[in-house]
């Protein structure tokens with residue numbers, strides 16, 4: 001036995017909430033539910049453009065974290081390969097953090113954090129010139145993110161998760177981190 005469900009006309013299926021970092025948004029889905037389950041638009045170039053965001057995707061990355069407390073980041077790329085990112089947690093939960101590294105931005109050196117989870121289905125848009133990192137809040141957390149530029153090791157920069165200049169409060173003790181991420185020097189403004 002099948003079912004046919006009709007939805008009234010709709011146009012907006014993503015809600016953009018500005019953050020404390022200029023040009024960054026927490027994005028919530030408009031969920032259309034019926035007897036089958038739900039439908040939601042995970043990404044829409046047209047709705048991004050409506051917010052003044054041109055988002056081209058060069059890569060789609062997936063990261064899995066075995067243990068809660070794992071920390072990845074904080075990374076960004078400089079010219080000529082800056083990256084925009086569209087980040088979503090598809091399993092478990094993470095604490096996602098960005099830092100504005102753009103000297104000409106009104107929110108230069110300000111940071112913002114938000115919980116992204118499979119349950120809340122939020123996403124985070126990270127503008128070019130912002131460092132990005134996250135901490136797994138649950139074992140098995142998986143993160144899917146679209147990136148506007150290919151990874152370029154020569155243009156990658158980083159901020160250490162415990163850099164005293166920023167004082168980021170991570171929700172859990174850091175239980176696992178790469179040597180590269182642990183070794184970034186203290187930030188020195190140019």
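Only the coordinates and a few stated rules stand behind these numbers; no lab work does. Just so it is clear, the structure is predicted and the values come from calculations on it, not from any experiment. Please note: Cβ atoms are built from the backbone with ideal geometry, for glycine as well, and neighbour counts cover all protein chains shown.
Side notes on the structure shown:
- Exposure proxy shown here: for 55, 14, the number of other Cβ atoms within 10 Å sets the order, fewest to most, as 55, 14.
- Looking at the stretch 14-182 alone, DSSP beta bridges between its own residues are antiparallel in about 100 percent of cases.
- In units of the compact-protein estimate 2.2 N^0.38 Å, the chain shows a Cα radius of gyration of 1.08.
- Ranked by how many other Cβ atoms sit within 10 Å of their own Cβ, fewest first, the residues 76, 134, 108 fall in the order 108, 76, 134.
- Extension reserve of the residue 34-residue 157 stretch, reckoned as 0.36 nm per residue once the Cα distance is removed: 39.7 nm
- Residue exposure sequence - 142, 79 - by fewest surrounding Cβ within 10 Å: 79, 142
- Cα gyration tensor category, rounded, prolate or oblate, for the stretch 126-190 with a/c compared to 1.5: oblate
- Overall form of the stretch 74-151 per C-alpha gyration tensor (a/c, 1.5; a/b vs b/c): prolate
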